[in-house]
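*Asks:* One structure, as structure tokens, below. Some questions next.
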Amino acid sequence: MIQRTFFVLLLGCFNAVFFDAQAQVKEWTLIWSDEFNYKGLPDSSKWTYELGHVRNQEQQYYTQSRLANAEVQRGKLFITGRKEKYPNAAFEPGSTNWRTSEPYASYTSASISTQGLHAWTYGRIEVRAKLPKGKGLWPAIWMLGTDIDEVGWPFAGEIDIMEQVGKEPLEIHGTVHYPVGNDEEYLSNGGLHVQKDLARKFNVYAIEWSAEKIDFYVNDDLYHSFIIDHAGIGPDNPFRKPHFLIINLAMGANWPGPIDDKVLPQQFVIDYVKVYQKQL
């Protein structure tokens, strides 16, 4: 009799857990995705490109619509960082600006974005990816507020779903950046996840973003949470506004450090990108 009672209790617990898991799955609705089931350049109805030397004094030159740096094949997107001499279209003789002072770049890569095409406020943003390997590499999956061109950084807000630098091959960073006051001072709030085989296996990097908090996940392991009100309770809180998505492979700059040319070329491989929102 005791054994039977124990079995019934276990069965009841199993059913409760099963139905709770089913409910959690059903509460999310897929609203946007790219599973890269085509060949050639990234879908232009979903993605646009950053071009040139863009930020952080990174050494790579982001190219546009170039298969050597961003190509869809075999059901995946390959973003490739290369060492090669490439003309700098923004070159200005005599310039002292790091973006325009050199006629050629020594490295190329790609940064694709949904800016001007798709943006979201709240939801689960999920990317399954395999990372490149090597010092000086800086793959990232991140978001910026859609008003970035009007208000600038950090006022638009930044959500780093996944960042990794090659000199720290086991570490994944998830971070938010937001303004403090009316000048360009900002705060960063982030977490660190340690994971093996980042360059050998695909992992799922995700956030679940609500009006209350942003949760950061690797393979559904929650490793960091950020409370939205920490960025302000008024209308200027950037994390209550739409953000667009960016996926890029940067090279060089202060954080990743010097590039190990011997490992190049390297590929940041994206299996899929999915955006979910809660059912009402």
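Each reported figure results from applying straightforward, stated rules to the coordinates on display, with no laboratory input. Keep in mind it's a predicted model, so treat the numbers as computed, not measured. Counting neighbours? That spans all protein chains shown, and the Cβs are built from the backbone with ideal geometry, glycine included.
*Asks:* Take K130 and tell me if it is under 30 Å from I259 (Cβ atoms), surrounded by 14 or more Cβ atoms within 10 Å (Cβ to Cβ) and of a type in the set (K, R).
*Replies:* Working: under 30 Å from I259 (Cβ atoms): yes; surrounded by 14 or more Cβ atoms within 10 Å (Cβ to Cβ): yes; of a type in the set (K, R): yes.
Here the answer is yes, as K130 does meet what is asked.
*Asks:* Would you say D236 is surrounded by fewer than 14 Cβ atoms within 10 Å (Cβ to Cβ), out of contact with any Cys (no Cβ under 9 Å at 6 or more places or on another chain) and not in a strand (DSSP E or B)?
*Replies:* No: the conditions fail for D236.
*Asks:* Turning to a different aspect of this structure: So which residues in segment 76-118 are surrounded by fewer than 19 Cβ atoms within 10 Å (Cβ to Cβ), in contact with a strand residue (DSSP E or B) (Cβ under 6 Å, 6 or more places away or on another chain) and aliphatic (A, V, I, L, M)?
*Replies:* Hit for segment 76-118 is A90, nothing else.
*Asks:* Could you please give the count of residues in segment 56-70 that are under 19 Å from A140 (Cβ atoms) and either loosely packed, with under 15 Cβ neighbours inside 10 Å or out of contact with any Asp or Glu (no Cβ under 6 Å at 6 or more places or on another chain) (or both)? Can you show your working first?
*Replies:* Taking segment 56-70 as the starting set, the residues that turn out to be under 19 Å from A140 (Cβ atoms) are 56-64, 69-70.
Within this subset, residues satisfying the condition of being either loosely packed, with under 15 Cβ neighbours inside 10 Å or out of contact with any Asp or Glu (no Cβ under 6 Å at 6 or more places or on another chain) (or both) are 56-61, 63-64, 69-70.
Qualifying residue count for the region: 10.
Yes or no, residue by residue, for (1) touching a helix residue (DSSP H, G or I) at 6+ places or on another chain (Cβ under 7 Å); (2) in a strand (DSSP E or B); (3) not β-branched (V, I, T):
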| residue | (1), (2), (3) |
| --- | --- |
| E92 | no, no, yes |
| I112 | no, yes, no |
| G116 | no, no, yes |
| A129 | no, yes, yes |
| P132 | no, no, yes |
| W138 | no, yes, yes |
| A156 | yes, no, yes |
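*Asks:* Select from segment 157-190 the residues that are within 18 Å of D221 (Cα to Cα), in contact with a Leu (Cβ under 9 Å, 6 or more places away or on another chain) and not β-branched (V, I, T) and list them in ascending order.
*Replies:* Within segment 157-190, M162, Q164, L170, E171, H173, G174 meet the criteria.
*Asks:* Sticking with this one: Identify all residues within segment 217-237 that are in contact with a Phe, Trp or Tyr (Cβ under 8 Å, 6 or more places away or on another chain) and either of a type in the set (V, I, T) or farther than 20 Å from W153 by Cβ (or both); write none if there are none.
*Replies:* Within segment 217-237, Y217, V218, L222, Y223, H224, S225, I228 meet the criteria.
*Asks:* List every residue pair whose Cβ atoms sit under 6 Å apart, with the two residues 6 or more apart in sequence or on different chains, where the first one lies in segment 230-257 and is at positive phi and the second, anywhere, is aliphatic (A, V, I, L, M) and not in a strand (DSSP E or B).
*Replies:* Taking only residues 6 or more apart or on different chains, the pairs are G252/I259.
*Asks:* Specify which of the listed residues (F244, F216) is under 18 Å from W32 (Cβ atoms), under 18 Å from the mean Cα position of the chain (by Cα), part of a strand (DSSP E or B) and not aliphatic (A, V, I, L, M).
*Replies:* Values: F216 fails: under 18 Å from W32 (Cβ atoms).
Going through F244, F216 in turn, just one is under 18 Å from W32 (Cβ atoms), under 18 Å from the mean Cα position of the chain (by Cα), part of a strand (DSSP E or B) and not aliphatic (A, V, I, L, M): F244.
*Asks:* Which of the residues spanning segment 140-153 are outside any helix (DSSP H, G or I), in contact with a strand residue (DSSP E or B) (Cβ under 8 Å, 6 or more places away or on another chain) and free of Cβ contacts under 8 Å to residues at least 60 places away in the same chain? Reasoning before the result, please.
*Replies:* The first filter runs over segment 140-153 and keeps only residues outside any helix (DSSP H, G or I), leaving 140-147, 152-153.
Checking which are in contact with a strand residue (DSSP E or B) (Cβ under 8 Å, 6 or more places away or on another chain) leaves us with 140-146, 153.
The answer is W153, and nothing else.
*Asks:* Another question, then. Out of everything in segment 173-209 that is in contact (Cβ under 8 Å) with a residue 60 or more places away in the chain and part of a loop (DSSP other than H, G, I, E, B), what residue ends up being farthest from P238 (Cα to Cα)?
*Replies:* Kept after step one, since they are in contact (Cβ under 8 Å) with a residue 60 or more places away in the chain, are these residues of segment 173-209: 176, 178, 198-209.
Okay, now just the ones that are also part of a loop (DSSP other than H, G, I, E, B), so 198-202.
Values: L198: 31, A199: 33, R200: 35, K201: 34, F202: 31 Å.
Residue satisfying both the conditions and the ranking: R200.
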